[in-house]
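Remarks on the structure that follows.
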Amino acid sequence: MNISRKDMKTKNIMIQGTMSNAGKSVIAAGLCRIFAEDGYRVAPFKSQNMALNSFVTEEGLEMGRAQVMQAECAGTKPLACMNPILLKPTSDMGSQVILNGEVLGNMKAMDYFKRKKDFIPEIKKAYDKLAENYDIIVVEGAGSPVELNLKKDDIVNMGLAKMIDAPVLLVGDIDRGGIFPQLLGTLDLLEKDERDMVKGLIVNKFRGDARLFEDGVKILEERGNVKVVGVVPYMDVKLDDEDSLSERFYVNQIKDFDIAVIRLNHISNFTDFDTFEQLPGVSVRYVKTPSELGNPDIIIIPGSKNTLEDLRAIKDNGLADLVKTKVLRDNTPIFGICGGYQMLGRRIEDPQGVESGGFEEGLSLLPVDTVLGKEKTRTNFEGVISGATGKFEGLKGKPVEGYEIHMGTTTPYENLTEFTSERTGFCKGNVYGTYIHGFFDRKEILEAVTGFEVTMDYKAFRETQYDLLAEQLRAALDMDYIYEIMGIKR
């Protein structure tokens with residue numbers, strides 16, 4: 001179906017959840033795909049996102065990975081205006097604030113909350129920019145809409161819904177238990193005008209035969225006085241995770257080819273490793289302590305939003321020494337990505353206090369030094385593996401695509417083999433460092449690293465998962481009703 005812009009005014013739908021990880025991002029992504037399949041031009045939108053997984057757009061701007069996934073589902077380019085505010089936690093008390101894709105600065109939580117309403121014009125501007133070019137905007141909330149201590153300054157849940165006059169679907173996670181207090185309790189804590197905006201409930205992550213929950217649907221509809229739009233099954237669909245609540249962190253099964261990813265306290269862009277999930281013989285375990293490391297086939301140190309603090313933490317708990325032993329004594333290959341690459345070197349300095357200031361001795365597995373600076377590198381990358389040593393010398397010449405997001409410059413202090421081109425990474429023996437996020441996404445690299453046959457690049461694999469998501473979600477939801485509450489006649 002081809003829909004003309006002149007035939008309709010931009011419509012919207014907002015997905016809110018009873019709590020973090022209820023499934024808002026996935027439901028929003030699936031709706032983006034369904035609407036796109038039905039012929040509409042679709043864009044995702046989340047006014048404020050707190051996540052350490054980010055992405056660089058073609059504009060050279062930074063945005064949250066969840067909205068990137070949703071844009072891919074919609075078949076459109078990710079734009080920074082789809083996520084005007086991105087908060088990247090640097091500590092328990094503060095975050096780096098990204099406004100319209102650019103670094104605004106580091107703020108303590110209290111300072112940010114005092115300024116939240118100042119960002120409303122930027123949120124409206126970003127939304128209006130999308131409304132000029134898309135038929136449907138799928139809006140995602142954050143956390144819960146009834147955090148009562150935060151509601152008066154809300155710019156991401158009901159405050160945003162009122163701002164853009166969006167009908168709301170409320171999602172609850174039945175897999176965690178307590179679906180009735182989740183959904184009915186949330187409705188009860190909403191103000192009357194807010195409750196009137198909730199046009200439907202979604203019971204998410206149901207295991208088994210949904211007919212067994214028919215009485216539950218009746219109870220929710222009678223007590224909540226709102227329609228249950230669908231009971232969505234627990235879907236085995238492999239999608240990017242948004243934040244540190246990822247279920248992937250708790251997988252400990254060891255398969256034929258075992259990858260140990262060091263789970264840093266401020267781990268970022270761990271979506272770099274989702275590509276391995278298309279290979280059933282490969283396990284990816286996130287390890288925090290020496291006892292969890294085992295004897296992996298490769299070790300990966302991922303990105304970090306606070307590299308110095310995370311480096312100190314793995315040195316303090318003994319994990320750094322054990323990793324060094326595995327690499328130097330057992331010849332276990334190790335990859336460092338972004339902050340993990342910086343940790344592989346001799347020393348990291350922070351003279352301008354970009355993170356915590358000072359310096360820290362690295363693992364000294366690569367002869368490089370890093371100096372952090374206030375200017376953030378944000379760029380897309382297309383290059384090759386210039387050279388490779390050790391076990392993966394066969395990687396040489398293979399193409400690499402991805403992006404850089406980092407604050408700092410890493411420089412060799414002795415002759416060293418350039419790993420990824422344009423001096424974005426170096427290697428020595430079985431030690432490989434690169435600034436390129438998405439390094440493992442190309443099938444040629446995935447095959448060379450794991451030894452398994454790979455049928456497609458990760459980008460193509462993701463498309464198969466988006467199709468599967470839409471198929472299962474379309475079957476579970478009352479799409480006619482959803483179109484109706486959006487004011488779209490079918």
Percent antiparallel among DSSP beta bridges (both partners in the chain, rounded to 5) = 50
Could you list 9, 114 in order of exposure, starting from the residue whose Cβ has the fewest other Cβ atoms within 10 Å?
-> 9, 114
Taking a point 7 angstrom from the Cα of residue 414 along the C-beta vector, which residues in region 311-351 have backbone N less than 17 Å away?
-> 328-329, 344-347
Just the Cα atoms of the chain, one point each, no solvent: what log10 I(q)/I(0) does Debye give at q = 0.06, 0.08, 0.13 Å⁻¹?
-> -0.28, -0.50, -1.24
Cα-only radius of gyration and Dmax that characterise region 247-455, units Å = 15.7, 46
Region 129-178: Cα Rg divided by the 2.2 N^0.38 Å rule of thumb | 1.37
How much FRET efficiency would the formula 1/(1 + (r/R0)^6) give for residue 196 and residue 380, where r is the Cβ-Cβ distance and R0 is 41 Å, rounded to 0.05?
-> 0.40
How would you rank 477, 170, going from fewest to most other Cβ atoms within 10 Å of each one's own Cβ?
-> 477, 170
In whole angstrom, and with the biggest value first, how far do the Cα coordinates of region 1-117 range along each principal axis?
-> 49, 33, 24
Between residue 120 and residue 393, what is the label-to-label distance in nm when each label sits 7 Å out along the Cα-to-Cβ direction?
-> 6.5
Counting every C-alpha pair in region 262-310, the percent lying more than 16 Å apart is 44
Ranking of 325, 450 by count of other Cβ atoms within 10 Å, fewest first | 325, 450
Residue-averaged 222 nm ellipticity for the chain, from DSSP H runs of 4+ at -39500 (n - 2.57), nearest 500 = -8500 deg cm²/dmol
Separation in nanometres of the label points that stand 7 Å from Cα toward Cβ, at residue 456 and residue 58 | 2.1
Sites excluded, chymotrypsin sites (Phe, Trp or Tyr not before Pro) in DSSP loops with at most 16 other C-beta within 10 Å, longest stretch of the chain | 1-233
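Throughout, read-outs are computed from the coordinates displayed, never taken from laboratory work. These figures come from a predicted structure and were not determined experimentally. We place every Cβ from the backbone using ideal geometry, glycine too, and count neighbours over all the protein chains shown.
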